[in-house]
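Presented below is the structure to which this report refers.
The values are calculated or read from the model by the stated rules, or taken from the named source; none is laboratory data. Given the structure is predicted, the values throughout are model-derived calculations rather than measurements. Backbone-built Cβ (ideal geometry, glycine too); neighbour counts: all protein chains shown.
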Amino acid sequence: MWSNPRIPFQLSSDRPALRPFQGKPIMVNVAMNIEYWPFDRPMPRGVLPPPHGKPSDPPDVANFAWVEYGLRSGLPRIMRALAERGIKASALMNAQVADVYPTVADAVLAAEWELVGHGWFQQSLKQVDDEEAVIVRSLTRLRELSGQKVRAWLGAGIGETLDTPDVLKKHGIQFLHDWLLDDLPCWMRTRHGPMVAMPYTFELNDVPIYGVQHNSTDEIYKRLEATLAVFGREAKTQPRVLTLALHPHQIGVAHVAHQFDRCLDLLMARDDVVFMTSSQIGDWFVEADGTGGAAVAAYNDGPPD
């Protein structure tokens with residue numbers, strides 16, 4: 001019996017050792033969520049509670065302005081910091097951004113970031129009428145926009161149905177960030193063959209840090225410093241993926257962007273760190289693992305017993 005229908009449980013200490021990418025065992029993925037929150041819908045999240053404690057119908061001007069400030073002012077700030085250091089990010093992007101914020105999409109393409117599927121707009125796949133249609137529409141728009149194959153995906157709100165990985169694999173997704181249960185990629189089952197479950201993060205994620213837990217400005221730096229202390233030891237025998245999960249309206253505000261600069265400098269000062277995008281990490285794992293996911297290949301009509 002498996003604890004979940006997709007990924008067999010395994011202690012991280014029992015995993016076979018993998019050869020580090022270019023001798024750099026700490027692989028850093030700067031994962032920037034670039035989202036469209038429609039003005040005429042309830043906001044996915046809020047910086048302020050509902051006025052007078054009573055939810056109201058749209059427009060939610062305060063919370064809409066919060067996220068659009070991130071795109072207008074926060075994103076250029078973070079893009080500049082990355083460009084100055086020669087770092088390419090993974091753009092986990094709602095596909096409708098290409099139509100609603102075309103200058104944002106243009107800037108991402110000019111920066112040569114990898115596009116990662118993230119739905120049509122910021123809406124969980126649990127809430128849509130036809131998830132396959134949404135997935136196909138999203139991937140088609142991103143692929144047409146960039147010419148990239150678009151091989152990785154993070155669900156909006158990390159939302160999945162029981163069928164989501166199967167549908168994603170059917171339509172060319174090889175690397176899925178939703179199942180953030182390990183510090184390394186691992187194989188997962190789908191009805192269309194094995195795919196790779198990719199690391200993501202709640203702990204180095206600016207939404208939990210600032211939007212949910214309301215930590216001090218320097219919290220992301222303190223967490224990164226402590227994470228590197230542990231990963232630095234562990235990486236002597238097994239590589240680690242370190243994901244920075246970011247949103248322009250959180251990481252891009254001035255006082256937090258200052259801490260992000262410090263985080264980048266801390267990472268760049270190390271000789272065991274390499275910056276990689278989602279598919280680069282996925283490709284490294286497939287080659288270093290060498291099994292092709294044989295242990296999870298058999299998934300026919302349902303989950304294992």
Residues satisfying the stated conditions in the stretch 17-40, i.e. farther than 30 Å from residue 86 by Cβ and without any contact (Cβ under 8 Å) to a residue 24 or more places away in the chain: 40
Candidate set: the stretch 48-65, residues that are of a type in the set (A, V, I, L, M, F, W, C) and part of a helix (DSSP H, G or I); chosen: the one surrounded by the most Cβ atoms within 10 Å (Cβ to Cβ): 64
Qualifying residue in the stretch 104-123 (condition: of a type outside the set (Asp, Glu), out of contact with any Lys or Arg (no Cβ under 7 Å at 6 or more places or on another chain), modelled with pLDDT of 95 or more and more than 23 Å from residue 206 (Cα to Cα)): yes
The stretch 152-166 - residue that is of a type outside the set (Ser, Thr, Tyr) and surrounded by fewer than 21 Cβ atoms within 10 Å (Cβ to Cβ) and, of those, farthest from residue 44 (Cα to Cα): 166
Residues located in the stretch 77-94, provided they are in contact (Cβ under 8 Å) with a residue 40 or more places away in the chain, more than 13 Å from residue 34 (Cβ to Cβ) and part of a loop (DSSP other than H, G, I, E, B): 85, 87, 88
Every residue from the stretch 195-222 that is in contact with a helix residue (DSSP H, G or I) (Cβ under 8 Å, 6 or more places away or on another chain) and charged (D, E, K, R): 203, 206, 218, 219
Evaluation of residue 268 against (1) at pLDDT 95 or above; (2) more than 30 Å from residue 225 (Cβ to Cβ) (one fails), failing number: (2)
Among residues of the stretch 203-238, those that are closer than 23 Å to residue 90 by Cα, free of Cβ contacts under 8 Å to residues at least 40 places away in the same chain and assigned to a loop (DSSP other than H, G, I, E, B), counted: 1
Flag for residue 269 being small (Gly, Ala, Ser) and over 23 Å from residue 18 (Cα atoms): yes
The stretch 48-76: number of residues that are hydrophobic (A, V, I, L, M, F, W, C) and closer than 13 Å to residue 247 by Cα: 4
Residue check for residue 200: touching a Ser or Thr at 6+ places or on another chain (Cβ under 6 Å), within 17 Å of residue 32 (Cα to Cα) and hydroxyl-bearing (Ser, Thr, Tyr): yes
